[in-house]
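Right, one structure below, let's go through it.
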């Protein structure tokens with residue numbers, strides 16, 4: 001356990017030393033970097049600390065690493081204080097080695113290095129960058145992050161035992177549809193709840209349907225959230241369980257999909273009609289906004305995608321400019337989501 005007494009002085013060095021001079025912002029800023037259906041989310045605290053969740057794909061031209069660095073520079077930063085790798089799949093950790101050559105990375109956090117043989121190359125790549133500056137996080141622990149509270153909800157297949165954020169018994173569990181567990185590595189995803197005043201943001205990595213139900217039944221352990229990043233990139237034949245989604249009642253959903261990955265597509269071993277996935281988000285009680293990293297070119301029907309002004313990228317990968325989406329959160333609970341492609345923004349108030 002990384003917060004044991006033996007490690008306490010080490011942890012103080014990692015987490016409690018003064019933060020180096022960074023860009024100051026009056027808001028909590030969350031950027032969804034376009035990594036073409038992988039995952040890379042940059043969180044910048046009001047006092048300037050930075051935390052990156054996942055690093056996208058490896059590519060011959062280091063596309064995803066370059067896009068992450070461009071967003072870091074957009075945020076006025078020169079380094080990454082904390083890196084969280086949710087799990088060791090190519091689209092979540094593949095861009096790390098290239099990224100580490102472009103920008104300094106501080107403390108790395110992960111679920112542990114146990115994985116299947118097929119993923120071992122990504123564990124090895126991660127250790128080549130983070131080996132002497134990594135720590136394992138466990139469900140129930142917290143990451144110090146200025147005025148933002150970060151609760152680790154899940155890690156290495158284990159979930160928090162006590163509900164947070166007002167979580168309570170979930171009546172939807174009585175009729176919960178059951179599906180088999182997905183790949184073990186997806187189940188190991190590090191999931192985190194970020195809280196800033198009334199605002200909450202939930203990122204569960206690649207949680208699958210069965211793991212969502214486990215988190216939400218018989219008690220919804222994370223309560224109702226303000227903003228939710230889709231699991232499985234919006235391929236919701238094996239995620240997006242209504243038992244989970246309709247219990248957490250997100251006001252805003254960010255779909256971190258690609259033009260031909262995630263929303264509108266399917267997960268390995270599943271074949272549910274893709275149109276049901278967007279409709280499930282749209283029917284979520286209390287939903288106020290849906291934003292997408294990409295228009296789904298697997299299912300481009302406007303009725304199965306959000307409004308065009310709320311989609312960051314419209315093209316195939318080869319023509320894509322990699323526009324990002326940002327949420328800027330004020331201490332009073334108001335927050336504005338902005339599309340960098342067209343400057344379109346909308347302001348919401350956290351309940």
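The values are calculated or read from the model by the stated rules, or taken from the named source; none is laboratory data. These numbers come from a predicted model, not from an experiment. FYI the Cβ positions are ideal-geometry reconstructions off the backbone, even for glycines, and counts take in every protein chain you see.
Some points to look at:
- Residue within the range 141-154 that is more than 28 Å from residue 57 (Cβ to Cβ), in contact with a helix residue (DSSP H, G or I) (Cβ under 6 Å, 6 or more places away or on another chain) and touching a residue at least 60 places away in the same chain (Cβ under 8 Å) present: yes
- For the range 100-114, taking the residues that are part of a loop (DSSP other than H, G, I, E, B) and modelled with pLDDT of 95 or more, the one that is surrounded by the most Cβ atoms within 10 Å (Cβ to Cβ) is identified as 111.
- Whichever residue in the range 322-351 is free of Cβ contacts under 8 Å to residues at least 24 places away in the same chain and touching a strand residue (DSSP E or B) at 6+ places or on another chain (Cβ under 7 Å) and, among such residues, is surrounded by the fewest Cβ atoms within 10 Å (Cβ to Cβ): 347
- For first residues located in the range 265-289 and on the phi > 0 side of the Ramachandran plot and at pLDDT below 90, partners that are in a loop (DSSP other than H, G, I, E, B) and exposed (fewer than 12 other Cβ atoms within 10 Å of the Cβ) and lie 6+ apart or on another chain with Cβ distances below 9 Å form the pairs 269/180.
- Residues satisfying the stated conditions in the range 316-339, i.e. touching a helix residue (DSSP H, G or I) at 6+ places or on another chain (Cβ under 8 Å) and part of a loop (DSSP other than H, G, I, E, B): 322, 324
- In the condition set (1) modelled with pLDDT under 95; (2) closer than 20 Å to residue 107 by Cα; (3) in a loop (DSSP other than H, G, I, E, B), residue 25 is compliant with all but (2).
- Search result, residues across the range 196-215 that are touching a helix residue (DSSP H, G or I) at 6+ places or on another chain (Cβ under 6 Å) and surrounded by fewer than 24 Cβ atoms within 10 Å (Cβ to Cβ): 213
- Across the range 69-99, the number of residues qualifying as in a helix (DSSP H, G or I) and touching a helix residue (DSSP H, G or I) at 6+ places or on another chain (Cβ under 6 Å) comes to 5.
- Looking at 106, 166, 131, just one residue is more than 26 Å from residue 36 (Cα to Cα) and in contact (Cβ under 8 Å) with a residue 12 or more places away in the chain, and that residue is 166.
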